Amino acid sequence: MLLPMPEQPDEAPNTDVPASWWRDGVLYQVYPRSFADSDGDGIGDLVGIRERLDHLQWLGVTGIWLNPTMPSPNDDWGYDVADYLAVHPDLGTMDDLDALIAAARERGIRVLLDLVPNHTSDRHPWFVDALSGRDAPDRDVYVWAPPAPDGGPPNNWISNFGGSAWTLHEPTGEYYLAQFLPTQPDLNWWNEEVRQRFDDILRFWFRRGVAGFRIDVCHAIVKDRELRDDPPVTPDDHRELRHRSVKPVYSANRPEVHDVLRRWRDVADACADDADGDTPILVGETYVLELDELLPFYGTGRDELHLAFNFLFVHADLDADQMREIVEGVEAGLPPDAWPVYTGSNHDAGRLTTRWAQDDERRARAALLILLTLRGTPFLYYGDEIALPNVPLDAETALDPVARRTGDPSDNRDVCRTPMPWTDAPGGGFTTAEATPWLPFGDLAAHNVAAQRDDPASTLHLVRDLIALRRGTTDLTAGAYVTLDAPAGAWAYRRGDGFAVAVNLSDAPVTVEGLDGAVAIATDRARDGEPVAGALELGPWEGAVVELG
């Protein structure tokens with residue numbers, strides 16, 4: 001029997017989202033192959049994660065999202081699933097996963113898995129059957145189309161990993177859709193059989209105590225039924241789209257995806273008793289780059305996703321005006337029953353210390369203070385708590401299939417998936433001194449957990465103390481967000497009635513007027529407790545949480 005969770009804060013009057021472990025907590029993304037290796041083979045595993053749960057409990061997180069744990073040939077490192085109802089042997093066994101879920105629960109931590117519903121591996125039994133002929137039982141489980149009149153692909157859709165999204169299967173004379181690698185065929189979500197199979201997959205894991213799913217490529221699982229061409233990208237499109245020739249209008253984010261999400265929400269709601277009294281949550285990788293495309297993934301706030309990742313925020317610069325505009329748009333448009341979510345790092349986008357902070361720890365600390373004080377659920381990526389940067393690696397030897405496919409070193413995602421540096425000893429506390437880790441370490445002496453744990457002024461302690469402050473005050477968990485006046489380059493906002501946050505995201509000192517109270521936590525920890533009488537001076541890339549008096 002799983003143990004009960006710690007008591008949650010009282011409900012606040014300024015949100016219609018009930019208090020819960022995920023609304024009021026901080027969630028943490030674990031890349032299992034890179035977190036902790038328990039058996040000395042150089043690959044992180046589930047037992048290793050369980051052995052490091054004390055760190056996560058000490059840090060104060062209430063949930064962990066595990067990158068793919070299901071069997072896979074690892075063409076795309078787990079995002080090519082060969083069996084949705086098992087555990088990859090590299091990572092352990094089903095018993096190991098059950099033990100991890102139970103041990104995490106004892107520490108007040110929930111476990112989310114990664115669900116990949118857009119595509120399978122080409123070695124999944126469903127696709128193996130589909131290849132056997134046009135009349136195969138599972139043929140229509142995938143997206144097939146005849147060649148264009150010239151014999152080429154059926155339309156102009158392009159793969160997210162480069163090249164056409166279509167692969168010709170010569171024995172049957174048809175193309176199948178694969179919007180990532182050709183070995184990752186897309187499922188046909190117009191097929192009711194596919195929908196029923198995934199209903200069963202969700203129920204299977206919820207009954208094992210999984211607290212929910214992060215849903216990969218959530219926005220793109222349903223494609224245009226007529227397979228119409230995507231339109232060209234224009235200069236007005238988001239900068240993250242401009243490297244593409246076409247904009248994914250018909251190949252992704254179709255309105256019918258919301259039917260699937262409402263169905264899954266019903267499945268999750270019905271499984272509350274199976275999840276030991278909790279309703280499992282659905283967290284979407286909603287990779288859309290317009291606010292009016294993001295907000296509908298919440299539905300009414302009660303009938304689609306619980307949390308929808310905000311990639312507008314992820315892809316913003318560490319810039320006061322950009323970030324404030326995005327947050328204000330979310331606050332203005334979000335249904336009252338919906339809850340924001342913010343993150344700065346992940347296994348695809350890279351680490352915030354490099355992407356946002358240019359490997360400057362002052363900037364990283366400012367970014368972390370923002371993430372942990374906005375209204376919404378923060379997600380940290382393993383290593384964020386020590387301001388871990390990307391590790392420079394040779395793209396020519398990349399394990400990442402994107403870098404190998406495109407030949408562009410900037411596409412190499414290995415740089416943000418390297419092993420967690422627990423110590424500066426050989427093996428980094430991740431594996432044994434004799435083992436070769438699956439990806440190289442960075443500078444162990446420059447960033448490791450043990451050294452920062454011993455330093456009260458470290459980024460690790462800053463993150464831990466911000467999480468503790470957040471969890472201990474209703475204003476910082478559920479209090480309303482209100483923008484405050486701030487000079488150019490700075491961002492200031494109030495949370496509830498009791499706290500204000502001011503961050504200087506510039507190279508020049510600033511003064512934020514209109515604040516009275518005392519500094520609760522500052523990025524420069526020497527300022528903790530400093531009185532604030534009418535104005536707060538901030539140096540370059542400095543921030544503070546002020547308890548208002």
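Nothing in this text is a laboratory measurement; each read-out follows from the coordinates by a stated rule. As the structure is a prediction and not an experimental result, all values here were calculated from the model. Methodologically, a virtual Cβ is constructed for each residue, glycine included, from the backbone with ideal geometry; neighbour enumeration extends over all protein chains shown.
Which is farthest toward the positive dipole end of the range 268-419 among Phe313, Trp356, Pro401, measuring Cα position about the Cα centre, with Cβ charges +1 (Lys, Arg) and -1 (Asp, Glu)?
Farthest towards the positive end: Trp356.
Long-range amide H contacts for Leu484: which residues qualify at under 5 Å (H placed 1.01 Å from N, peptide plane, sequence gap of 5 or more or a different chain)?
Ala492, Tyr493, Arg494
Suppose we take every Cα in the range 394-444 and form the convex hull; what volume per residue is that in Å³?
69
What list of whole percents do you get for P(r) of the range 481-548, with Cα-Cα distances grouped in 5 Å bins up to the one holding the largest distance?
For the range 481-548, the pair-distance distribution reads 4, 21, 34, 27, 12, 2, 0.
Report the extension gain between Val128 and Thr423 in nm, rounded to one decimal, defined as 0.36 nm multiplied by the number of residues separating them, less their alpha carbon distance.
Stretched fully, the Val128-Thr423 segment lengthens by 101.7 nm.
Among Asp24, Asp443, Asp75, which comes first, then next, by fewest other beta-carbon atoms within 10 Å?
Starting with the residue having the fewest Cβ neighbours, the order is Asp443, Asp75, Asp24.
Under unit Cβ charges (Lys, Arg +1; Asp, Glu -1), what dipole magnitude, rounded to 20 debye, does the chain have relative to its Cα centre?
With only Lys, Arg, Asp and Glu charged at Cβ, the dipole is about 200 debye.
Going by average Cβ neighbours within 10 Å, how do the peptides 132-141, 296-305, 424-433 rank, with the highest at the top?
In descending order of packing, they fall as 296-305, 424-433, 132-141.
Full extension from Asn191 to Glu396: what is 0.36 nm times the residue separation minus their Cα-Cα distance, to one decimal in nm?
That works out to 69.8 nm of additional length.
What is the fewest-to-most order of Ile43, Ile109 by other Cβ atoms lying within 10 Å of their Cβ?
Going from least to most buried by this count: Ile43, Ile109.
Which value, in debye to the nearest 20, describes the size of the charge dipole of the range 481-548 about its Cα centre when Lys and Arg Cβ atoms bear +1, Asp and Glu Cβ atoms bear -1, and nothing else is charged?
Using Cβ point charges on Lys, Arg, Asp and Glu, the range 481-548 gives about 180 debye.
Which order, highest average first, do 373-384, 49-60 follow once you tally other Cβ atoms within 10 Å for each residue and take the mean per peptide?
Highest-to-lowest ranking by the protection proxy: 373-384, 49-60.
Sort 196-206, 237-247, 487-497 for me by packing, meaning the mean count of neighbouring Cβ atoms within 10 Å per residue, highest on top.
487-497, 196-206, 237-247
Can you tell me the FRET efficiency between Asp98 and His315 if r is taken as the Cβ-Cβ distance and R0 is 41 Å, rounded to the nearest 0.05?
In this case the efficiency is close to 0.65.
How much net charge surrounds Gly63 when only other residues with a Cβ under 12 Å from its Cβ are counted (Lys, Arg +1; Asp, Glu -1)?
+3
Please pull out the direction-averaged projected area of the chain, using the convex hull of its alpha-carbon atoms, in nm² to one decimal place.
24.3
Please compute, over every Cα-Cα pair in the range 10-123, the percentage with a separation greater than 19 angstrom.
When every Cα pair of the range 10-123 is considered, 49 percent fall beyond 19 Å.
Considering the dipole of the chain built from charges on the beta carbon (Lys and Arg +1, Asp and Glu -1) around the Cα centre, which of Gly329, Gly60, Ala446 is farthest to its positive end?
Final value for the positive-end residue is Gly60.
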